[in-house]
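Q: Have a look at this one before I ask anything.
The values are calculated or read from the model by the stated rules, or taken from the named source; none is laboratory data. A quick note: this is a predicted structure, and the numbers were derived from the prediction, not measured. Note that each Cβ is placed from the backbone with ideal geometry, even for glycine, and that neighbours are counted across all protein chains shown.
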Amino acid sequence: MAAIVSQRTQAEWDVVFAGKDACYAPVLTYDGAASHPQVEARGDGSPRFARSQTGEPRPARAPGADTRECLDLLGLRPEQISRLLDESVVRQAKRAPDTPGSAR
């Protein structure tokens, strides 16, 4: 496959697949993506997520910090959750003293 693909440039492959019902898309550099016709059509000149606001990063939650809540949301009864914890099928993280947002 590599031998076949390497016989043409990306621009040549673009022409081959233009207007075809085929699963094809070139792998673009950041600069190539910024100048792609879809991005240019939006008029902002930047890839879609460049203007997203994600907020301040937070530290990751401890493994098992949300075990009880997740299992509850899945519809397990409290006694089922306790049994899974007692049999070490799942684990609930211990609550850190005075740590906001830690496991309950």
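Q: Restricting attention to segment 19-43, report how many residues are small (Gly, Ala, Ser) and under 21 Å from Met1 (Cβ atoms).
A: 2
Q: Determine which member of the set Arg104, Arg91, Arg58 is assigned to a loop (DSSP other than H, G, I, E, B), modelled with pLDDT under 80 and among the basic types (Lys, Arg). Give the derivation first.
A: Details: Arg91 fails: modelled with pLDDT under 80; Arg58 fails: modelled with pLDDT under 80.
Selected residue: Arg104, the only one of Arg104, Arg91, Arg58 that is assigned to a loop (DSSP other than H, G, I, E, B), modelled with pLDDT under 80 and among the basic types (Lys, Arg).
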